[in-house]
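Working notes, beginning with the structure itself.
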Amino acid sequence: MPLKLSRSQITAVLAALLVLLAGCSSLGGSGGETPTETDATTEEETMSDETTESEMDTNTTSGDSESELSGRMLVVVEGQEKHLDTEPGAKFSFNETNEHTWTVEEPMTLAEALETANVTAEPDSLTIDGETYNESDTNTTITYQVAGTEIEDPSEYTLEDMNPAHELVVRVDDHDQEVPGRLVEQSHPHPHGRLNMTVDGEPVDFTQEKYVMAEEAFHFHGDENAARWHGHSLNLTAAYALSTFPGMNVSEDAMTYNGTTYMENGSETSFTVTVDGEEVDPNTYVLKDGDSIEVTLNESDDSTVNEASN
């Protein structure tokens, strides 16, 4: 006997079939697992740890390179340049291709650095190549400088990373040195400073063309407006420097400027040279980096009257 279902019963059967089919589809799925929140967090933390470790490696490498200081050094003894050699494995050493460039692997003083090259540096003496020079010796001057500033005690100055335009300078000078000494090129360490000159109270204009590049050993550069002088010699006295300019000449105790001779402490004229405010003998004083030179020439009122009466 055929099964007869009412319309409401047929609707109920179809609904049940649909529910059953939907459940089977869900159970089959794609076969993959959906990442949980915990898994995602762990992955992010792992990536973060890797990034931090990479940054630490980079910073360590950078720190190692920054810990090595460098600069330039010039050593001159009695007008002759000395190139230093350090002991193998020393923490302080000179560049093999640039003999003026030094590097240091750990903090040390200038005296300690020089000691690695068998040079003993003290405030008033210097021992180099087996010979000792003392400030107390007749006409002997010992100078330690960094970037144009004098170092009184090399055992108290700690080396610093230096601008390539500046250098450490160690000098021993006496009165018997050859002037102007060996000329040096632009790339070689050489001194710079300032020069002002007045004649009867009127300043000399060193920006004039005749004073620019007047001499290879001592000159002004045209693009610097006479703001500083350049000394391209190992042994440049103040007298030699001033005598390089046209119309100027410095002798033992006088200076001639544009035909007029001014005597040191003369009765009618005067001539003085000071460096950083201290009077010096221009014939023996060797110019150094950072020197500010002042030249003063004056005629007394009496000499002016005498010239007028003649």
**Prompt:** If you take the residues of the stretch 79-116 that are within 24 Å of VAL184 (Cα to Cα) and aliphatic (A, V, I, L, M), which of them is surrounded by the most Cβ atoms within 10 Å (Cβ to Cβ)?
**Reply:** LEU114
**Prompt:** Of the conditions (1) crowded, with 16+ Cβ neighbours inside 10 Å; (2) touching a helix residue (DSSP H, G or I) at 6+ places or on another chain (Cβ under 6 Å), PRO246 fails just one. Which one is it?
**Reply:** (1)
**Fill in**
Within the stretch 241-262, residues in contact with a Phe, Trp or Tyr (Cβ under 7 Å, 6 or more places away or on another chain) and part of a loop (DSSP other than H, G, I, E, B) come out as THR244, PHE245, GLY247
**Message:** Suppose we filter the stretch 150-177 for residues that are surrounded by fewer than 12 Cβ atoms within 10 Å (Cβ to Cβ) and out of contact with any Ser or Thr (no Cβ under 9 Å at 6 or more places or on another chain); how many remain?
**Reply:** 4
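If we keep just the residues of the stretch 81-103 that are closer than 14 Å to GLU167 by Cα and polar (S, T, N, Q), which is nearest to the chain's Cα centre (by Cα)?
Going residue by residue through the stretch 81-103, those that are closer than 14 Å to GLU167 by Cα are 94, 98-103.
Cutting the leftovers down to polar (S, T, N, Q) gives us 98, 101, 103.
Working: ASN98: 15, THR101: 11, THR103: 13 Å.
The qualifying residue nearest to the chain's Cα centre (by Cα) is THR101.
Computed from the coordinates by the stated procedures, all read-outs in this text should not be read as laboratory data. Note that the structure is a prediction, hence the values are computed from the model and not measured. Positions of Cβ are generated from backbone atoms using ideal geometry, with glycine treated the same way; all protein chains shown enter the neighbour counts.
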